[in-house]
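This report concerns only the one structure given below.
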Amino acid sequence: NNHLDALLELDKIVGHMSNSLDELGLLEDTIILFTSDNGGLNGLTTFSDQYGHYSNGPLRGSKGEIYEGGIRVPFTIKWEGGKIPKGEKRSNLIGLNDIFRTICGLVGINVPQGQAVDSKDFSRYIYNEKSTYGLRKYLGAWVYFDSRLQFESMRYNEMKLVRSYQNSTAELFNLTADPSETRDVSSQHSDLVVKMFQRIRIDGPCHDKGGHFRVKTERKARTFRYISCYWIRQKRTEKRCAKFPEAENHCHYSCAGRNKQYCAKDAYDDQKLFKIFTN
């Protein structure tokens, strides 16, 4: 089986790399991360399920899907010299985009202002599970097919909201009680659904945040001004987005450039949203 052969080779390579670092005396100075950028492959395409191997276990879906089998992945970290606790587990939400700030936090590098704006530093949490300040409370995911936004989801504590643009539906799952995402409980938590959808709009790629936000001026490092996404859109949008890094975090849609074509036409249609959640 090609899939299982690939997993065996991967295991051997990772082990060989770790042993080689140890032999060269570099292991204590090396941070090793092991994770994946997507969920496991569908067993029907790899045929690994015939041998009792299920990459995603009980999770629904697989690579490329919005359900947990497509987006939940393992994450392990090892750093001998950094004295990272061995054998401990953590359960807070993190995204792969958080690795940038976390590595910087582990080695004592300050992230320049305006850089890695979508990254959260969870380095303190690695050492102490009680150090949860600044960690994610929400975690979103977006899936595209045929150059269009087709699905999006938002996780908040044990709850997960899934929206489909293919059939204009929204589902809410309790991942603690229902990790396989089989029971839609949106009708029981309408207020929470609206709250989570509002968060999707804030974090999503097809929406600009409202109001004004503070940016640094070029002339003096300690002076600021307030601008809005509306002002960004008026003219020279591309230059304004480049000039003010903060705009990338507030004006997702306006600063998306050609990526706007990937947004669904009704991605943030409030009237359609109301119909979905009240039907």
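Observations, loosely collected:
- Value of [θ]222 nm, deg cm²/dmol, for the chain, DSSP H segments ≥ 4, -39500 (n - 2.57) each, nearest 500: -8500 deg cm²/dmol
- Each Lys and Arg contributes +1 and each Asp and Glu -1, all at the Cβ; summed about the Cα centre of the stretch 128-168, the dipole is approximately 120 debye.
- Cβ-based charge dipole, the chain, positive-most Cα from S153, G211, N38: G211
- Over 18 Å apart at the Cα level, from the set K78/K137; K137/K160; K83/K120, are K78/K137; K83/K120.
- Cα-based shape type of the stretch 1-111, given that a ≥ b ≥ c are square roots of the gyration tensor eigenvalues and the cut on a/c is 1.5: oblate
- Surface accessible to a 1.4 Å probe, per residue, for the residues of the chain, Å²: 63 Å²
- Accessible carbon and sulfur surface of the chain relative to its total accessible area, %, 1.4 Å: 49 percent
- Aspartates and glutamates whose Cα lies under 14 Å from that of K243, excluding same-chain neighbours fewer than 8 positions away: E218
- Longest stretch of the chain clear of exposed loop sites (GluC sites (Glu not before Pro), DSSP loop, at most 10 other Cβ atoms within 10 Å, sites excluded): 89-217.
- Qualifying trypsin sites (Lys or Arg not before Pro) in the stretch 1-94, where qualification requires a DSSP coil assignment and no more than 13 other C-beta atoms within 10 Å, comprise K83, K86, K89.
- Sparsely packed loop sites in the stretch 81-140 (the chymotrypsin sites (Phe, Trp or Tyr not before Pro) outside DSSP H, G, I, E and B with at most 12 other Cβ atoms within 10 Å) comprise Y133.
- The stretch 105-196 shape via C-alpha gyration tensor axes, a/c threshold 1.5: oblate
- In a simple Cβ point-charge model (Lys, Arg +1; Asp, Glu -1; nothing else charged), the stretch 56-204 has a dipole of about 420 debye relative to its Cα centre.
- In terms of overall dimensions, the C-alpha atoms belonging to the stretch 1-65 reach 43, 23, 16 Å along their principal axes, ordered largest to smallest.
- Cα gyration tensor shape of the stretch 92-251, rounded if a/c is under 1.5, else prolate or oblate by comparing a/b with b/c: oblate
- The alpha-carbon of K235 sits under 18 angstrom from the alpha-carbons of these aspartates and glutamates, leaving out residues fewer than 8 places away in its chain: D208, E246, E248.
- Student exercise, the chain dipole from Lys, Arg, Asp, Glu Cβ charges, in Debye to nearest 20: 1880 debye
- Selection of chymotrypsin sites (Phe, Trp or Tyr not before Pro), the stretch 152-186, meeting DSSP coil and at most 16 other Cβ within 10 Å: none
The values are calculated or read from the model by the stated rules, or taken from the named source; none is laboratory data. Note that this is a predicted model, so its numbers are computed, not measured. Don't worry about glycine lacking a Cβ; one is built from the backbone with ideal geometry, like all the others, and counts go over all protein chains shown. What goes into the accessible areas is simple: the full protein's heavy atoms, side chains included, and nothing from ligands, DNA or RNA. Shrake-Rupley method; radii C 1.70, N 1.55, O 1.52, S 1.80 Å.
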